[in-house]
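The values are calculated or read from the model by the stated rules, or taken from the named source; none is laboratory data. These figures come from a predicted structure and were not determined experimentally. All Cβ positions, glycine included, derive from the backbone under ideal geometry; neighbour counts span all protein chains shown. We work out accessible area using only protein heavy atoms, side chains counted, and drop any ligands, DNA or RNA first. Shrake-Rupley method; radii C 1.70, N 1.55, O 1.52, S 1.80 Å.
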Amino acid sequence: MPEERNQPLSYLNEFAIKQDPEDYGLADDVFSIEAFKQKLHIVVVRNDEDGLEFDMIGVYPAIANAFRRLMLSEVPSMAIEKVYIYNNTSIIQDEVLAHRMGLLPLKADPRLFSYRTEESPETGTEQDTLEFELKVRCTRRKDTLKDQAHFDDIYKNHKVYSGHLKWLPKGKQAQIYSESSVSCVHNDILITQLRPGHELDLRLIAVKGIGKDHAKFSPVATAYYRLLPQIELNREVTGKDAYLLQRCFSPGVIGIDENERAYVKDARYDSCSRNVFRYPQLMDAVTMARVRDHYIFNVESVGALKPEVIFVEAVKALKKKCRAFIDEIEAQ
Amino acid sequence: MGALAEVAGDESNGEGSRTFVFENETHTLGNALKTIVARYPEVDFCGYTIPHPTENKLHFRIQSNRERAIDLLKRGLEDLEALCDHTIVTFEKEMNTFNAANAEST
């Protein structure tokens, strides 16, 4: 499918990036929504626990970048915002501990909550707030033998994990959510270590927010795009040079057939390093390029929302912005 | 709301030239909208700037001889909205076909 269309390319030369002489960088074509609908293609490539990978073909750089920026900073998620410290006798300082608590990823679906407003009370309401408590006290184990040196054997609760958080349902929350649907995504995040006599007693308030305000609200671990690489061999490369050529690119990009002839197996995952230009005998053998309107998106979620949901929410966020301004213009 | 305003000083230049001020907007909206509005044949000039990094303001300039700037801005926003709608539809369709193909293979 993409092979049939006329691909705009950026050529990667030894020291410069060049475009085709008649290519004006999409700048002079007229925008119409019908033309956009004709051009846009989306292909989902991979969707597993490592994240979502999809191709967006035929869009302007600004549009692709807007989607990326929206995923990072405008899609909401829940995070701990306030930490009430009733007791903290561990060696970690209150403010450092509070900051660590804020960064814990929560599983709660932000679409089911509303933002806190000026009117909502200090403690929050059941629509906009999740409450947790963390009560841990470290003690010495009584049954310890003299020669035991391992902390796990002599101390109890000497490591505080995110799994120690206890959810305190507000109002009717207990009927709607379960502990496993709102608490931490991972139960094995080490928060701090304690020694006998140390104690933590915290109450945590989680609210809905966006990444623009603080990165802890960002629903994605990574969201990035890159352009599709294209590699072509201009002449035959055989024997020793073929293996040298293979080593110039990322693993799996260049294949070698039974006649020891190099061929391009799959350029997609090439890192586009220009290693070939270090070898004078190979310099003229390859043309490296990137397809300028073929974006490979990679979205890796923190855990609250699935990556495909995050992308759709991001596009919806942009739509909402447009709608708000159209309404304002019409109201004038 | 009042998140949209106009910079004064263009009143004598007709309705075609205006600088709009968007409150609480960033490059996300500015650049996306600029690429669309700048590609209208009626538009002579379109550009945007964030005048100061600590102020949450976006200045968006449109110049045209043939149409009112405010109409062009509205058209740009409507096109961007339609673009979003189409992207969501296309993406969800692709996601469904991908999921269906995956369910078959496993």
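Every test in (1) closer than 17 Å to A:LYS208 by Cβ; (2) in contact with a Leu (Cβ under 7 Å, 6 or more places away or on another chain); (3) in a loop (DSSP other than H, G, I, E, B) is passed by A:LEU70 save one, and that test is (3).
Across region A:43-59, the qualifying residues are those that are in contact (Cβ under 8 Å) with a residue 60 or more places away in the chain and of a type in the set (Asp, Glu), and the one among them that is surrounded by the fewest Cβ atoms within 10 Å (Cβ to Cβ) is A:ASP50.
Hey, can you tell me all the residues within region A:264-310 that are among the small types (Gly, Ala, Ser) and part of a strand (DSSP E or B)? Spell out how you get there, then give the answer.
Here is the first cut: in region A:264-310, the residues among the small types (Gly, Ala, Ser) are A:267, A:271, A:273, A:285, A:289, A:301, A:303-304.
A:ALA289, A:SER301 - these are the residues of region A:264-310 that are among the small types (Gly, Ala, Ser) and part of a strand (DSSP E or B).
What residue, of A:ALA304, A:ALA314, is under 14 Å from the mean Cα position of the chain (by Cα) and more than 14 Å from every other protein chain (Cβ to nearest Cβ)? Outline the logic, then answer.
Working: A:ALA314 fails: more than 14 Å from every other protein chain (Cβ to nearest Cβ).
Just one listed residue meets the conditions, A:ALA304.
All of A:ASP128, A:ASP213, A:ASP201, A:ASP188 fail the test of being surrounded by 14 or more Cβ atoms within 10 Å (Cβ to Cβ) and under 30 Å from A:PHE311 (Cβ atoms), apart from A:ASP128.
Counting only strands (runs of 3 or more DSSP E) that fall entirely inside chain B and contain at least 3 residues that are open to solvent by less than 50 Å² (accessible area, probe 1.4 Å), the qualifying elements are B:17-23, B:43-49, B:57-64. Here the strands (runs of 3 or more DSSP E) wholly within region A:163-252 that include at least 3 residues being in contact (Cβ under 8 Å) with a residue 40 or more places away in the chain and under 23 Å from A:VAL75 (Cβ atoms) are A:199-209, A:220-233. How many of the residues in region A:137-155 are part of a loop (DSSP other than H, G, I, E, B), open to solvent by less than 70 Å² (accessible area, probe 1.4 Å) and out of contact with any strand residue (DSSP E or B) (no Cβ under 7 Å at 6 or more places or on another chain)? Final tally of qualifying residues: 2. For A:VAL207, are the conditions met, namely being surrounded by 14 or more Cβ atoms within 10 Å (Cβ to Cβ), touching a strand residue (DSSP E or B) at 6+ places or on another chain (Cβ under 8 Å) and under 25 Å from A:GLY102 (Cα atoms)? Yes, satisfied.
Let's see how each residue does on (1) in contact (Cβ under 8 Å) with a residue 40 or more places away in the chain; (2) within 18 Å of A:ILE329 (Cα to Cα); (3) not charged (D, E, K, R):
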| site | (1), (2), (3) |
| --- | --- |
| B:GLU55 | no, no, no |
| B:SER64 | yes, no, yes |
| B:ASP79 | yes, yes, no |
| B:ASP85 | no, no, no |
